[in-house]
Each structure stands twice: as structure tokens, then as C-alpha cells.
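Chemist: There's a structure below that I have some questions on.
Nothing in this text is a laboratory measurement; each read-out follows from the coordinates by a stated rule. Just so we're clear, the structure is a prediction, and the values are computed from it rather than from any experiment. In this analysis, Cβ positions are derived from the backbone assuming ideal geometry, glycine residues included, and neighbour counts consider all displayed protein chains.
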Amino acid sequence: MTREEAAKYIQAWWRGTLVRRTLLHAALRAAIIQRWWRQVLAKQLERRRRAALDAYVRREWAAVRLQAWVRMWRVRLRYCRLLHAARIIQVYWRWHNCHSRGFIQGHYDIKENQLNLQLEISLGSEVCRLQQCTSFPIKNDQV
């Protein structure tokens, strides 16, 4: 092998080494860019999944809340009906008790130094009316 051939051989080896090194660096950079891009895509996919899950949860929560409101409204409506029925029963029961046991009804007026009192006492079918006018004693503070 001559010197020129040896020089050509060394130059070819050196150019090959430079090309391989450049290709290796390019491959590494491409791998880094690909890894970064896959991470970006994974984050985007995770964000989309999270957004879809949040939307699903919101819809389900709204449906549950609406169902609870409807159930509450129905229970409240039933409660109001039962309360109204209980009040009607109480009114009739009180009326029955008053008419079977009796009750006292009346009013009064106070004028200057007089008390006018009117009472009506009912015991079953019997009614007793009282009317009374009472004078108050007036004190004289003159000594």
C-alpha cells in the first residue's frame, strides 16, 4: 500500500467516522424530539380524558340533583297534604270537644273607672250569659 492509498484510506475512514457521528447525533436528536412529542400527545390525551370525565361527572351530578329535588318536592307536597288533613281533623275535633264539654267566650271594655264584662258559657246545649259592670275605686291623693 502506498502513501496515497493509505492517506485515502485514512481520509475515507475519517469521513465515515464524521458521517456516522453526525448520523448518531441526528438519530439522538430525533429520538429526543419524538420522546418530547409523545409526552405532549400523552398530556393532551390526558387533558381530553379529564375534560370528558369532568363533563360526565357534571351531567351525572346534575341528574342526581334534579332527581333529589323532584323527590323532595313530591315528599313536601305529600307532607303539606297530610298537614292540611291533620288541621282539618283538629278543627273538627276541637269543635266536637267544645260542643260536648262546653266553652267560655266573652269580651270586656275598660272605660275610665269602669270594667264592662260580658261572658257566654256553653255547656252542651245550655248557654249561660253573664254581663257585669264593675266600678274601680278612685284614690284621692290629696292629704
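Chemist: So if I take the centroid of the Cα atoms in the range 45-67 and the same for the range 19-36, what is the distance between those two points in Å?
Modeler: Using only Cα atoms to place each centre, the spacing works out to 42 Å.
Chemist: In the chain, with Lys and Arg counted as +1 and Asp and Glu as -1 at Cβ, which of these residues, T17, N116, A6, has the Cα nearest the positive end of the dipole, that is, farthest along it?
Modeler: A6
Chemist: How long is the chain along each principal axis, judged by its Cα atoms, biggest number first, in Å?
Modeler: Dimensions of the chain along the principal axes of its Cα atoms: 156, 55, 16 Å.
Chemist: Continuing with this model, one more query. Would you mind calculating the relative contact order of the chain from Cα pairs under 8 angstrom and at least 6 residues apart, reporting the percent as a whole number?
Modeler: Relative contact order comes out at 11 percent.
Chemist: What is the helix-to-structure angle for 3-101, meaning the angle in degrees between its Cα long axis and the longest Cα principal axis of the chain, kept from 0 to 90 and rounded to the nearest 10?
Modeler: Helix 3-101 sits at roughly 10 degrees to that axis.
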